[in-house]
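> This is the structure I have questions about; it appears just below.
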Amino acid sequence: MAESGKEENIVFNVEKIYIKDVSYEAPSVPLIFSQSQDAAAEIGVQLSIEHGVLAAEQGLYEVVLTVTATAKRDTKNIFLVEIKQAGIFHLSGLDEATLQRALEINCAYVLLPFAREAMNNLVEKGGFPQMLITPINFEALYEQKLATRTKQQNIN
């Protein structure tokens, strides 16, 4: 309950989930399949989150979770996959700080399973073993982002 005695009307709805962009490259195929697999591949995963207002008066926001995975063996690129998993979310009744947290944490948690599935499907269809992205703590990432922003503001 709000201090004024009125109940707050907080809304968090998922309106639409979709892939905004996808890229898959496997420059070493088919040679990589015939080479010795003695050395393990080095796999790296990077994330970024972007969001923007679609219709402020309606509380509609687009959130885009970008997941990029690269696999290398020695100096050769095995594959590079990038997924931009997006969603339209209806958020209202939140103050600005809480809204930013919801967009970068809660919405990202909603999008991650879809991005994880799309990533795994592309890698498997490319002829490679299953690729499972480990769980991600978006709250910790957001806190790091805030700390970095605060540190940069204090330097300037």
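> Report the full-extension gain for the segment LYS76 to ILE136: residue separation times 0.36 nm, less the Cα-Cα distance, to one decimal in nm. Intermediate values should be presented prior to the final figure.
Values: separation 60, 0.36 × 60 = 21.60 nm, distance 2.74 nm.
Taking LYS76 through ILE136 to full extension adds about 18.9 nm, to one decimal.
> While we're here: Sort MET131, MET119 by Cβ crowding within 10 Å, fewest neighbours at the top.
Details: MET131 19, MET119 23.
By the 10 Å Cβ count, ascending, the order reads MET131, MET119.
> Assign unit charges at the C-beta atoms only (+1 for Lys and Arg, -1 for Asp and Glu), then state the dipole size of the stretch 11-151 relative to its Cα centre in Debye, rounded to the nearest 20. Write out the running numbers ahead of the final one.
On the way: 12 positive and 17 negative charges, 56 e Å.
With only Lys, Arg, Asp and Glu charged at Cβ, the dipole is about 260 debye.
> Whose amide H sits under 5 Å from the amide H of VAL29, counting only residues 5 or more places off or on another chain, with H placed in the peptide plane?
Placed amide hydrogens put nothing under 5 Å from VAL29.
> Give the Rg (one decimal place) followed by the Dmax (whole number) of the chain, computed from C-alpha coordinates and expressed in Å.
Just the Cα atoms of the chain yield Rg and Dmax of 19.6, 70 Å.
> Something else now. At 0.36 nm per residue, and after removing the present C-alpha to C-alpha distance, how many nm does the segment from THR150 to GLU15 gain when stretched out fully? Intermediate values should be presented prior to the final figure.
Details: separation 135, 0.36 × 135 = 48.60 nm, distance 3.28 nm.
The THR150-GLU15 span can extend by a further 45.3 nm.
> Measure nothing but the geometry: give the 0 to 90° angle between the long axis through the Cα atoms of 138-155 and the longest principal axis through the Cα atoms of the chain, rounded to 10°.
Relative to the chain, helix 138-155 is tipped by roughly 80 degrees.
Values quoted throughout were computed directly from the atomic coordinates according to the rules given, and no laboratory measurement underlies them. Fair warning: this is a prediction, and the values are worked out from it, not measured in the lab. Counting neighbours? That spans all protein chains shown, and the Cβs are built from the backbone with ideal geometry, glycine included.
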